[in-house]
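Reading through the structure tokens given below for one structure.
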Amino acid sequence: MRPEIITILLAMAPISELRGAIPYAWSQGISPLIAYIIAVIGNLIPVIPLLLLLGPISRLLRRFKLFDRFFDWWFKHTLRRSKLIEKYESFGLILFVMIPLPVTGAWTGSVAAFLLGIRFKFAFPAIVAGVLLAGIIVTLVCFGAIYIPIFIRH
């Protein structure tokens with residue numbers, strides 16, 4: 001499979017998103033600009049379905065014990081991490097999505113927007129802005145323009 005397609009698929013996935021897609025693209029020799037563009041596009045693909053369909057799908061699937069437990073866990077997990085969004089709403093959603101750390105990003109931001117009742121017309125542009133900014137941060141880190149120490153030695 002072409003690396004561009006794999007990059008889009010990684011960006012669409014809930015765990016890797018931009019944090020996995022852009023470094024993968026870079027490792028495959030894709031230019032920084034192209035890596036950024038295709039990763040952002042891939043990361044935004046699930047956002048509209050998540051924002052519009054998460055409510056109806058979760059209500060439908062919650063009739064089954066396994067899915068009910070999954071949605072309980074997922075929604076509680078998301079709400080614990082969404083204090084920034086609760087406090088600042090759309091602006092908080094931008095900040096939450098743009099922070100390129102595990103359990104932040106377009107997927108969790110979409111779930112948080114749904115759970116906190118942020119309407120689509122506010123949630124979608126905030127998530128897009130957060131993804132664009134996260135993509136810039138990840139790209140700059142990957143290509144050495146920003147140094148973020150991950151481990152601090154004592």
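The values are calculated or read from the model by the stated rules, or taken from the named source; none is laboratory data. The structure presented is a predicted model; accordingly, all values stated were derived computationally and were not measured. Neighbour counts run over all protein chains shown; Cβ positions are idealised from the backbone, glycine included.
Descriptive notes on the structure:
- Flag: residue 56 does not match the condition of being surrounded by fewer than 19 Cβ atoms within 10 Å (Cβ to Cβ) and in contact (Cβ under 8 Å) with a residue 24 or more places away in the chain.
- Considering residues of segment 130-150 that are at pLDDT 95 or above and among the small types (Gly, Ala, Ser) only, the residue surrounded by the fewest Cβ atoms within 10 Å (Cβ to Cβ): 130
- Top-ranked residue of segment 102-122 - restricted to ones that are free of Cβ contacts under 8 Å to residues at least 40 places away in the same chain and among the hydrophobic types (A, V, I, L, M, F, W, C), ranked as nearest to residue 11 (Cα to Cα): 103
- Restricting segment 78-127 to residues that are over 19 Å from residue 139 (Cα atoms) and among the hydroxyl-bearing types (Ser, Thr, Tyr), the residue that is surrounded by the most Cβ atoms within 10 Å (Cβ to Cβ): 110
- Selection count, segment 13-49, where residues are within 21 Å of residue 96 (Cβ to Cβ), of a type outside the set (S, T, N, Q) and crowded, with 20+ Cβ neighbours inside 10 Å: 10
- Boolean, residue 19 is over 20 Å from residue 137 (Cα atoms) and not aliphatic (A, V, I, L, M): no
- Residues that are under 14 Å from residue 127 (Cβ atoms), in contact (Cβ under 8 Å) with a residue 12 or more places away in the chain, touching a helix residue (DSSP H, G or I) at 6+ places or on another chain (Cβ under 7 Å) and not aromatic (Phe, Trp, Tyr), drawn from segment 77-98: 78, 82, 84, 85, 90, 93, 94, 95, 97, 98
- The residue pairs whose first member lies in segment 32-47 and is closer than 15 Å to residue 141 by Cβ, whose second member is of a type in the set (D, E, K, R), and whose beta carbons are closer than 7 Å, counting only pairs six or more residues apart or on different chains, do not exist in this structure.
- Among residues of segment 128-148 that are among the polar types (S, T, N, Q), those with a Cβ under 6 angstrom from a residue that is part of a helix (DSSP H, G or I) and surrounded by fewer than 18 Cβ atoms within 10 Å (Cβ to Cβ), sequence gap 6+ or separate chain, pair up as 139/32.
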